[in-house]
Amino acid sequence: MYMSKKCIALVLIIAASSSVFAQKKKTKKKQETTVTETVVIEAAKPASPTEPQRYAGMYTKKVDLIHTAAELKFDWDSAFVFGKATLTLKPYFYAAKTVELDAKGFKINEVGLVQNKTLTPLVYAYDGKKLVITLDKEYSRNQEFKVQIDYVGMPDKLKVGGSAAITADKGLYFINKGGKNPNKPRQIWTQGETESNSCWLPTIDGPQEKHTQELYITVPDEYVTLSNGLLKYSTVNADGTRTDAWKQDLPHSTYLTMMAIGKYAVVKDKWRDMEVSYYVEPEYEQYARLIFGKTPKMLECFSTTLGVDYPWDKYAQVIARDYVSGAMENTSATIHGEFMQVDDRDYLDVGDGNEDVISHELFHHWFGDLVTCESWANLPLNESFATYGEYIWEEYEYGRDAADYIGQSDQNAYLQGGKNSMKTLFRPDYMDKEDMFDLFSYQKGGRVLYMLRRYVGDDAFYTSLRMYLEKNKFGTAEIADLRMAFEEVTGEDLNWFFNQWFTQPGQPDLNISYAWNESNKTTTVSITQKQDLSVYPLYKLPIDVDLYVNGVKNRERIWVTQANQEFSFASTRKPDLVNVDAEKMLLCTKNDEKTKEDFIFQYTIAPLYLDRYEALEGLEKYKEEDDAQKIIVKALSDPFWNIRSVSLSKIKNLNAANKEIAYTAIVAISQTDAKAAVRARAVNVLATEYAAKDHSSLFKKTLADKSNNVAGNSLKAIAKSNVAEAMNVAQSIENTKSNTLKTAIAEIYATNGTAAQNTFFVTALGKSSGFNGIGLINQYKNYLLRMDATLAKSGIDVLKNMYADGNSYVKYTIKNALSSIAKSYELDDADSVKKQAEEATATME
């Protein structure tokens, strides 16, 4: 499951518990450089007593689901699924005379025992959620039996729940079911995670339950179907329908069972001898290889890096309208939200981000599908690995700088949203399984795996992962299984690492300071752990330190094990730089007391993207000094795009002379930089920081940039100096299909438009879907706040009509927009508008 970064700000941060660690000091020597340490021991405060906590462990296995065979038909108008499911089961260990199945919101027509092709009715009890079947006799653990359930699934009648990552949980979704929206295709698709497949298929919920399956899907002949495994055959029926038989012979968890139905174009690709396919709306068929075309290379990357080949029969990816999450790793058939569906222009702005999603879901096919967390409390075994899979792909394809940027983004997301939380990675005290899909299971967990890799080394890391996958394939695991694989490979007890990072909350908060002693030729590094030790652990931290002396770099590994420690390094002269955490592996917050000269040297000499980034940020407090400013100018030509982008963001700090030196480079960047995001930022900088200069001809050139982001920023730049021209340009490109450009146009109209522009907003909003509508909604709100009461009231109706068809984030945005309109017209005493907006909001869930 990919948790869209658009969801991150909405993830709730909740507190839990902690304890404190104390570790032994170590002394390490290496060649000419000596390391000693003076340890100041600070007593850790005892953890506060807590109440007994809930323990959400693995679900008890009473009856094992071996195989599911289901015949499925659909009624679009009622959003019903008509099913006949035959389940092969056996007692897990203890003999059983009843079987309990999950079946939410069904109408049960018949339940029977299948024997010798005959069906014998069975007694059952059904409460709307659980189907309890009394068998004809008691069965032992060696005896299989088959039950058949004839039923009607009614997912639209269920009360919808969900989470920040998965916004609805009704399992089966009919899109544009009445066919009334001409701008939206009709589709049916499923979303099983966490336990929602039981809304359309009688099954046993939970990640611990694995089965093989056959789905016989009957649809009108013009529709394409997709499911797990291979398409065995298709039969055209006399009534104009077609039945597709999909079969998966390898076991996987029941929540990974999927279907997708729609009028798709199917573009076929290949990895080794296996089919790789992309299901897109026909309009995007020509872009399918652009969007998904690196998938075969990703399959090779992960198969060779892990030493375990992709284990499934095929790999397909399909686009779903109004999808309730970012993407979902259904075995051999991943579903993606419609944001992935772009043309060649929009791909310039989102392509790298889309690769993150593709690699995340594909890596799940090892971590999550092949080996599944045995309980939701162990979800990091799925999601932390998939998040780190993004790093592995970026490193493989684009190099370490690009990978470190991905890791940095994850770390920043966690630190901004979760650093003060008491949540842990392994979390058996969760109150709701949906709560596990958060910044901890994803972003924090991904960074913890990165630290583990850097600690044990690449060879041991991937050897351990291979052992973990081979030992647990087609089964389930808990975090202890991962630890034991690493211990078996490395020969080292790693409880210290797994305890502090998986079972304890928080992260270290470090203060790092430096002192040079000329008389004894030693540099002393002082490291203090400042986190509250009454609630967070005292960490054991292996840290690499690089010392640069006379143009030579020497690396030492130190172990921080106490609250306050000093480490002394001997050298012939004062080092030019002491670079603590040279691999930039630590998940932490820190105050690094480097000098201006340190940061300048670090930017110039240290090897990593994160070294240069850290130096640029460290120089912020010296932003008025000329030599610090010259580093900002130098960074405009950095080899990695995000450093160039960060440098552009700091142009505002430059004095007049340095700003003029930078100008020529920024003009060139706006037109020729290889990264569209950097070109777009350069346009913004020219419009704001160099507003006195005439850029009219330049912005006309950048307006024609193939990147819609650059073109949109150019339109907004034109508006800063010539509103009339910007309005004319906006009107000339209103028919663009690009949501990015539409949002830029909407911003121009929201600020400068008249009643005449309302048609643009209504049309654009009518064609928007999913997350694409959020920016337009906010700009329409701003536009309506400038209009008269009559137009404002018509706009309220537009937003109200959008509400029913939007996802939870669109609905949230609409409610906020209507609230703002109501408050504004309250101030203006336009009571009718205020009342209409309030009434519209009151009808919304």
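Applying the Karplus relation 6.51 cos²θ - 1.76 cosθ + 1.60 with θ = phi - 60° to segment 213-230 yields 3J(HN,Hα) values of 7, 9, 10, 10, 9, 9, 9, x, 4, 7, 8, 9, 10, 8, 8, 5, x, 10 Hz, where x marks Gly and Pro. Can you tell me the relative contact order of the chain? Whole percent, Cα pairs under 8 Å, sequence separation 6 or more. Answer for the chain is 11 percent. Note on segment 459-604: dipole from Cβ charges, positive end direction compared against Asn591, Pro575, Leu465; the farthest Cα belongs to Pro575. Let a ≥ b ≥ c be the square roots of the eigenvalues of the Cα gyration tensor of segment 366-504; is it rounded (a/c under 1.5), or, if not, prolate (a/b larger than b/c) or oblate? Rounded, since a/c falls under 1.5.
The gain in end-to-end length when the Lys73 to Glu620 segment is fully stretched comes to 190.7 nm, 0.36 nm per residue minus the alpha carbon separation.
For segment 330-488, carbon and sulfur atoms together expose 46% of the accessible surface, with a 1.4 angstrom probe and every protein chain in place.
Local charge for Tyr663 was computed over the other residues whose Cβ lies under 11 Å away, with Lys and Arg +1 and Asp and Glu -1, and equals 0. Going by accessible surface with a 1.4 Å probe and the largest first, Met484, Met451 read Met484, Met451.
Listed by chain and number, the aspartates and glutamates whose C-alpha is less than 13 Å from the C-alpha of Lys596, apart from same-chain residues fewer than 8 away, are Asp576, Glu614, Glu617, Glu620, Glu624, Glu625, Asp626, Asp627.
Loop-located trypsin sites (Lys or Arg not before Pro) in segment 755-799 (DSSP state not H, G, I, E or B) with no more than 16 neighbouring Cβ atoms inside 10 Å: Arg786. For segment 362-473, lysine pairs with C-alpha atoms less than 20 angstrom apart, excluding pairs fewer than eight positions apart on the same chain, total 4.
Modelled spin-label separation between Lys835 and Lys268, with each label point placed 7 Å from Cα along the Cα-to-Cβ direction: 6.4 nm.
Remark: for residue pairs Lys159/Lys835; Lys170/Lys800; Lys180/Lys800; Lys104/Lys159; Lys270/Lys297, the C-alpha separation exceeds 21 Å in Lys159/Lys835; Lys170/Lys800. Residues of segment 62-103 with an amide N closer than 17 Å to a point placed 7 Å from the Cα of Lys129 along the Cα-to-Cβ direction: 100-103. Using a simple spin-label model with pseudo-atoms 7 Å out from Cα toward Cβ, Ser649 and Asp343 lie 3.1 nm apart. In order along segment 809-823, the phi-based Karplus estimate (6.51 cos²θ - 1.76 cosθ + 1.60, θ = phi - 60°) of 3J(HN,Hα) comes to 6, 4, 4, 4, 5, 5, 4, 5, 5, 5, 5, 5, 5, 4, 5 Hz; Gly and Pro are listed as x.
Annotation: amide H-H contacts under 5 Å for Trp271 (H modelled 1.01 Å from N, sequence separation of 5 or more, or interchain): Val276.
Put a dot 7 Å past the Cα of Glu518, heading toward its Cβ, do the same for Glu144, and the two dots end up 8.4 nm apart. If R0 equals 56 Å, the separation of the Cβ atoms of Lys84 and Asn499 corresponds to a calculated FRET efficiency of about 0.65. Protein heavy-atom accessible surface, 1.4 Å probe, per residue over segment 581-733: 41 Å².
Taking the alpha-carbon centroid of each part, what is the distance from segment 690-715 to segment 330-394 in angstrom? Answer, in whole Å: 35. Taking a ≥ b ≥ c as the square roots of the eigenvalues of the Cα gyration tensor, the chain is classed as oblate, since a/c reaches at least 1.5 and a/b does not exceed b/c.
Here the chain is assigned +1 on the Cβ of each Lys and Arg and -1 on the Cβ of each Asp and Glu. Its dipole about the Cα centre then comes out at about 380 debye.
Using the Karplus relation 6.51 cos²θ - 1.76 cosθ + 1.60 with θ = phi - 60°, the per-residue 3J(HN,Hα) values for segment 429-446 come to 9, 4, 8, 9, 4, 5, 5, 6, 8, 8, 4, 7, 5, 8, 5, 5, x, x Hz, with x marking Gly and Pro.
Compared with the alpha-carbon gap, the fully stretched path from Val152 to Lys180 is longer by 7.6 nm at 0.36 nm per residue.
Calculated FRET efficiency, Gln286 to Asn752, Cβ-Cβ distance, R0 = 45 Å: about 0.80 to the nearest 0.05. Only Lys, Arg, Asp and Glu carry charge here, each on its Cβ (+1 for the first two, -1 for the last two); on that basis segment 443-537 has a dipole of about 280 debye about its Cα centre. When the square roots of the Cα gyration tensor eigenvalues are ordered a ≥ b ≥ c, the ratio a/c for segment 556-665 is 1.5 or more and a/b exceeds b/c, which makes its shape prolate. Return the FRET efficiency for the residue pair Tyr812, Thr759: r is the Cβ-Cβ distance, R0 is 35 Å, and the value is rounded to the nearest 0.05. The pair Tyr812/Thr759 has a calculated efficiency of 0.85. For the chain, the mean residue ellipticity at 222 nm estimated from helices alone is -11500 deg cm²/dmol, where every DSSP H run of n ≥ 4 contributes -39500 (n - 2.57) and the total is divided by all residues, rounded to the nearest 500. When the pairs Lys157/Lys268; Lys652/Lys815; Lys184/Lys737 are compared against a 26 Å limit on Cα-Cα distance, Lys157/Lys268; Lys652/Lys815 fall above it. Taking the Cα centre of segment 521-587 as reference, the dipole from Cβ charges on Lys and Arg (+1) and Asp and Glu (-1) amounts to some 200 debye.
For Arg557 and Glu397, compute 0.36 nm times the residue count separating them, minus their Cα-Cα distance, and round to one decimal in nm. So the extension gain works out to 54.7 nm.
The values are calculated or read from the model by the stated rules, or taken from the named source; none is laboratory data. These figures come from a predicted structure and were not determined experimentally. Cβ atoms come from the backbone with ideal geometry, glycine included; neighbour counts cover every protein chain shown. The accessibility values were calculated without ligands, DNA or RNA, using every heavy atom of the protein model including side chains. Shrake-Rupley method; radii C 1.70, N 1.55, O 1.52, S 1.80 Å.
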